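First the structure, in the form of structure tokens, and then the observations on it.
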Amino acid sequence: MAKDPVIEFSGFSFTYFAQKHPTIKDLDLTIGRGEKVLVVGPSGSGKSTLGNCINGLIPFSYEGEMRGSLTVAGTIVKDAGVFELSKTVGTVMQDSDAQFVALSVAEDIAFALENDRVAQDEMKERVKTVSALVGVEKLLGQSPQELSGGQKQRTSMAGILVDDVDILLFDEPLANLDPKTGKTAIELIDEIHRGRRLDAGVHGEESPPRTTIIIEHRIEDVLHRDVDRIILVDGGVVIADLPPHEMIASGLLLEHGLREPLYVTALRHAGVAITAEMKPAYIHSIDLTQGREALREWYTSVTLSEPPPPGDDVLSIQNLDFEYYPDRPVLTDVNLTVRAGDMLSVVGTNGAGKSTLAKVICRFEEHGTDSVFFRGEDAVDMTITERASFVGFVMQNPNQMITQVQIFDEVASGLKHRKVPEAEIERRVVKVLEICGLERFRQWPISALSYGQKKRVTIASILVLDPKVIILDEPTAGQDYRHYTDIMEFLKKINELGVTVILITHDMHLMLEYTPRSVLLSDGKIIADTSSSEVLTSPDLVERASLKETSLFHLAGKTGIDDPKSLVDRFIEFEREAVR
Amino acid sequence: MTLFNYSYEDTVIHRLSGLTKLLGFLMLTGVVMYTYDIRIFLFILVFSFTLLRIAHIPLRKLKLVFLYVGIFLVINFFLAYLFSPDYGTEVYGSSTLIFQIAGNYDVTWEQLFYQVSKLLKYASVIPLGIIFLFTTDPSEFASSLNTIFVPYKVTYAVALTLRHFPDIQKEYTTISKAQQARGLDISKKTSFWHRFRNAVATMVPLIFSSLERIDVITNAMHLRGFSKHRTRTWYSFRPMKAPDGVALAICLAVVAGAACIAIFVNHGRFYNPFV
């Protein structure tokens, strides 16, 4: 057990108001001062609830019944409020966009100080120090909305560090970040954990590490830097509380619907038994003396199948330029040809122009010299509604699309607006619901569905118009491995039925596993249009598109496989053949 | 066009404290509300357009606002006549016929004068409101409202609304486009009733996503100690300075001038040229 415990759950249960069953059940867990722990678990496992108990949002904002005891830094949580705890626990939430409250970076960082009635002069001083600490000192006057993803992360970190808290709690810090920004965020969290304290610059003194809790299901990304322990939560109980190497070796992650690091999956495919002695938690630590031969053997045993012949052009874009404001181009000279039956990813940082490209194609953005062609025909005269019959756009948040109460009506709405006869509507909706696995829910209210099911409803409401192409914006954002697989397998099925699928994404797993082709956007220009395995094993492209190399790339290096792309291709081939 | 688009520019008006601007706005509109003197209205109108210039607010940015206000004023003008065509006579105590229409609907100089004054009355307040919205930093304004004993929770709610307004507008556009793609027609081709219903359909997702947003922000604010104490300090608070004094003095002078005119010249609220 941890010495000098700072967070102690003992026989702790929590049941949300209006729920029958406890979300956290009889939990015993201790986190020691200065530890860095990773809490993992599938969606609905109770891991976020756990976080909200530590920072006091429970029971302050979410009512419910608590049993057992929870102590945070000597304070009994039941009696303390969110305010008392906010002096000790700093929380960075998932959606950094939504948590900005102020109009400028400086003001946002100062928010906690304002609430604590700190005098203006002292406030300005502290904001200056802490902003230098996280590297946003040059952005103080800007609006938080104008920042890049990484800068937003830094600003929200400054906002909690300004209080000099002892415990840092990160609730899915990677959810909205591209891989490269995510990597930097993990490095920043690590440095702050290691005790780069607020006053370090002033007094130059070393200080002990801060207790850091990261709640995340993107395990491999967090394991870019060391953690002390991994705690696996599922069904409201702690399934395992192990040092990282033991946790990875145990295979429990996969059993509980979580994704293991990709190199571990590859080694398992090759028949290598993963043991804690191999130090498998980090790609930089894993010892492959035993696995090397097996992996190489497996590598040569997998044969690549021929790619299917390319289909006819279904959508093409020629020399497209687009700008919202004069002289600030968002897209420059974009050329792209999509063939029938393609499934491809459009990747790039936030602001690279991915969503704008999709919006121009669908005419969500009006564009003077439009150069979009559907099956070789110029789409310049087609209205937004007419285009939607050819290319459908599914937005990231299903709640932004749903307007009806019942599933049937929601899916039928596009046809109703198009004045399709009743009988035909009935027939087409039923068929689409069947394809989407929603036929059982026909007459259900949409509000009773899970997030993934809602997503399917929005996809169904687009598919019912029988488009040749669908574009999806971040279809799997924030989803755990199981839901991710559900959604993606579903899209693959649709693709096999002949619909061309374009995915806007940051998710490298998605690129690798589902889309053979990737289009990379950077500053509004297409910088590469090639195979996904090529992209993710090319350090140059990875850097420019703000991605990160797949760990298979490093695995190839460690095992002496000269051609990392070929390893990746074989990995994908194997997964396609054997696993599914 | 976005309605509440504060953006910083370095002008005298932007540099004034939000409280000064609010007080100035209240004083000048107070004058306009109380008096009924076309000369004062004209003065305020010229004065406020001068301020628009000083604040570097280009008139073309306001085209749409002026259009809506214009439509409102014209409708108001005719409705006012329809409901009380003799009100001017009642107010000014005389009746000078210009031409007859039918029944009590005669057109008199008194009525015309009364209604033109009323039109200018409304028109002169609008630019003042615009200046206030365009030049006031919402959080700075929240802080200065707080200094005159408005609870900070209320003032912060106002500031937050202002801050999120552009986001919500943007979101509305996207949602509306998605609905249009599915065939929802909000163009002028369909009937008003149809368009109205379709616009409501677009509001549903907007309301739900806004509620989600509110939930997240509330939690984020509580986690950082919002509403912990009965008072709070403000990072962007700007104390009153000399220019604030000057601005308030000018406004006070206008109030005093208008009061003098009302008491000594007009002997009441109304300026009566018909005696």
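Quick notes
- Residue A:104 within 28 Å of residue B:210 (Cα to Cα), of a type in the set (Ser, Thr, Tyr) and not assigned by TED's automatic domain parsing to the domain that holds residue A:18: yes
- In region A:235-250, residue surrounded by the fewest Cβ atoms within 10 Å (Cβ to Cβ) [restricted to those that are modelled with pLDDT of 95 or more and not hydrophobic (A, V, I, L, M, F, W, C)]: A:243
- Within region B:202-231, if we keep just the residues that are among the β-branched types (Val, Ile, Thr) and under 18 Å from residue A:99 (Cα atoms), the residue that is farthest from the other protein chains (Cβ to nearest Cβ) turns out to be B:214.
- Matching helices (runs of 4 or more DSSP H) fully within region A:524-580 where at least 2 residues are modelled with pLDDT of 90 or more and buried (at least 23 other Cβ atoms within 10 Å of the Cβ): A:532-536, A:551-559, A:564-574
- Note on region B:1-114: enclosed helices (runs of 4 or more DSSP H) holding 1 or more residues that are free of Cβ contacts under 8 Å to residues at least 40 places away in the same chain are B:18-34, B:38-54, B:63-83, B:87-92.
- Output for region A:448-473, where each listed residue is over 20 Å from residue A:341 (Cα atoms), within 16 Å of the chain's Cα centre (by Cα) and open to solvent by 20 Å² or more (accessible area, probe 1.4 Å): A:451
- Test for residue A:156: is it in contact with a strand residue (DSSP E or B) (Cβ under 8 Å, 6 or more places away or on another chain), more than 7 Å from chain B (Cβ to nearest Cβ) and among the hydroxyl-bearing types (Ser, Thr, Tyr): yes
- Restricting region A:57-72 to residues that are more than 8 Å from every other protein chain (Cβ to nearest Cβ) and either over 29 Å from residue A:4 (Cα atoms) or modelled with pLDDT under 90 (or both), the residue that is surrounded by the most Cβ atoms within 10 Å (Cβ to Cβ): A:58
- Screening region A:132-164 for residues that are under 21 Å from residue B:8 (Cβ atoms) and outside any helix (DSSP H, G or I) and picking the one that is nearest to the chain's Cα centre (by Cα) gives A:147.
- The numbered conditions (1) within 8 Å of another protein chain (Cβ to nearest Cβ); (2) open to solvent by less than 20 Å² (accessible area, probe 1.4 Å); (3) of a type in the set (Asp, Glu) are all true for residue A:95 except (2).
- Any hit, region B:61-71, residues being under 25 Å from residue B:166 (Cβ atoms), in contact with a His (Cβ under 9 Å, 6 or more places away or on another chain) and either open to solvent by 70 Å² or more (accessible area, probe 1.4 Å) or among the hydroxyl-bearing types (Ser, Thr, Tyr) (or both): no
- Residues located in region B:232-270, provided they are at pLDDT 90 or above and within 14 Å of chain A (Cβ to nearest Cβ): B:232, B:233, B:234, B:235
- Qualifying strands (runs of 3 or more DSSP E) (wholly inside region A:1-92; at least 1 residues being under 25 Å from residue A:208 (Cα atoms) and over 28 Å from the mean Cα position of the chain (by Cα)): A:5-16, A:24-32, A:64-72
- No other residue among A:395, A:401 is within 8 Å of another protein chain (Cβ to nearest Cβ), over 26 Å from residue A:318 (Cα atoms) and crowded, with 17+ Cβ neighbours inside 10 Å apart from A:401.
- Residue in region A:510-522 that is of a type in the set (Phe, Trp, Tyr), in contact with a strand residue (DSSP E or B) (Cβ under 8 Å, 6 or more places away or on another chain) and assigned to a helix (DSSP H, G or I) present: yes
- Residue A:456 being assigned to a helix (DSSP H, G or I), more than 12 Å from chain B (Cβ to nearest Cβ) and without any contact (Cβ under 8 Å) to a residue 40 or more places away in the chain: yes
- For residue A:412, the conditions (1) farther than 15 Å from residue A:471 by Cβ; (2) free of Cβ contacts under 8 Å to residues at least 24 places away in the same chain all hold with the exception of (2).
The values are calculated or read from the model by the stated rules, or taken from the named source; none is laboratory data. Predicted model only: the values in this text are computed from it and were never measured. Note that we place each Cβ from the backbone using ideal geometry, even for glycine, and neighbour counts take in every protein chain shown. Only protein heavy atoms, including side chains, enter the accessible area calculation; ligands, DNA and RNA are left aside. Shrake-Rupley method; radii C 1.70, N 1.55, O 1.52, S 1.80 Å.
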